[in-house]
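Notes to accompany the following structure.
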Amino acid sequence: MVKDKTNWHAVDALSDADIASAVANDPDAAPLEAEGLRPIGNKQSISIRLSPDVLNYFRSSGKGWQTRLESVLREYMERMSGDQHKHS
């Protein structure tokens, strides 16, 4: 398991404007819509607990919010597993 080296106090201190600026200046932070998201078949229905702010953020993005949420989770999974679970 990878040890978390995140400075959560610094993260908590960031404003929305700070985060938006960091994303805008990050060349690797392409908008999700530009990556051609599409639902992948064979999904399972689950129950999951999310923080209200995370849920509200994705729901407020409109139709397709669950696909976008899955895409974020998939990208994390692929990065953490060395792309061994990459879905083609």
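So for the pair ALA10, ASN56, with labels modelled 7 Å out along Cα→Cβ, what separation do we get in nm?
Going from the ALA10 label point to the ASN56 one covers 2.7 nm.
Along region 9-22, what does the Karplus equation 6.51 cos²θ - 1.76 cosθ + 1.60 (θ = phi - 60°) give for ³J(HN,Hα), rounded to whole Hz, x for Gly and Pro?
After applying 6.51 cos²θ - 1.76 cosθ + 1.60, I find 5, 5, 5, 4, 7, 6, 8, 4, 5, 4, 5, 4, 5, 4 Hz.
For each of SER51, SER71, SER61, count neighbouring Cβ atoms within 10 Å of the residue's Cβ, then give the residues from fewest to most.
SER51, SER61, SER71
No lab work stands behind these numbers, since they all come straight from the coordinates. Being a predicted model, the structure only gives us computed values, none of them experimental. Note that we place each Cβ from the backbone using ideal geometry, even for glycine, and neighbour counts take in every protein chain shown.
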